[in-house]
Amino acid sequence: MKFLIDNWMLIAIALASGGMLIWPMIASGMNAGALSASGAVQLINREKAVVVDVSEAEEFAAGHVGGAKNVPFSQLEEKLPATVKNKALPLILVCATGARANRAVAVAKKLGYEQAQALGGGLKAWKDANLPIEKA
């Protein structure tokens, strides 16, 4: 106990530095199901992933990932099976910020799309990575 009292500053520094080392793992764990923009590009190019934008039609027309298909989140359960017939292909779900896409992953997995992933950060992250955007 005397050691702890005499060296409280060293112990505090050790705990703080340990916390700073662990923080990136904790922060990335909160976004575990999300896919980076570069990871999405690799999936599209290597594994023929299908990109589905779950934004509303107006948002989709304002700008979307090239080649993306638009299925608004509110219509996902009804229209996704007709839009993406091959459930074995990777499915990348995108929206403006990633919030709707994360919810859409659960719906897609319920429908049998086991390789469904959300684009972390959404269309904003795609733009931040200087990747091309199409407008309708």
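The values are calculated or read from the model by the stated rules, or taken from the named source; none is laboratory data. None of the values given here were measured: they were computed from a predicted structure. Quick reminder, even Gly has a Cβ in these numbers, built from the backbone with ideal geometry, and neighbours come from all protein chains shown.
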Could you tell me how many of the residues in the stretch 108-136 are farther than 16 Å from Cys95 by Cα, assigned to a loop (DSSP other than H, G, I, E, B) and touching a strand residue (DSSP E or B) at 6+ places or on another chain (Cβ under 7 Å)?
2
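Results for (1) among the basic types (Lys, Arg); (2) within 19 Å of the chain's Cα centre (by Cα), shown as yes or no for each residue.
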{"residue": "Lys2", "(1), (2)": "yes, no"}
{"residue": "Gly67", "(1), (2)": "no, yes"}
{"residue": "Thr83", "(1), (2)": "no, no"}
{"residue": "Ala106", "(1), (2)": "no, yes"}
{"residue": "Lys109", "(1), (2)": "yes, yes"}
{"residue": "Tyr113", "(1), (2)": "no, yes"}
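Conditions tested, residue by residue: (1) exposed (fewer than 15 other Cβ atoms within 10 Å of the Cβ); (2) in the same structural domain as Val52 (by TED's automatic domain parsing); (3) out of contact with any Leu (no Cβ under 9 Å at 6 or more places or on another chain); (4) farther than 17 Å from Val50 by Cα.
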residue: Asn102; (1), (2), (3), (4): no, yes, no, no
residue: Ala106; (1), (2), (3), (4): yes, yes, yes, no
residue: Leu119; (1), (2), (3), (4): no, yes, no, no
residue: Leu123; (1), (2), (3), (4): no, yes, yes, no
residue: Asp128; (1), (2), (3), (4): yes, yes, yes, yes
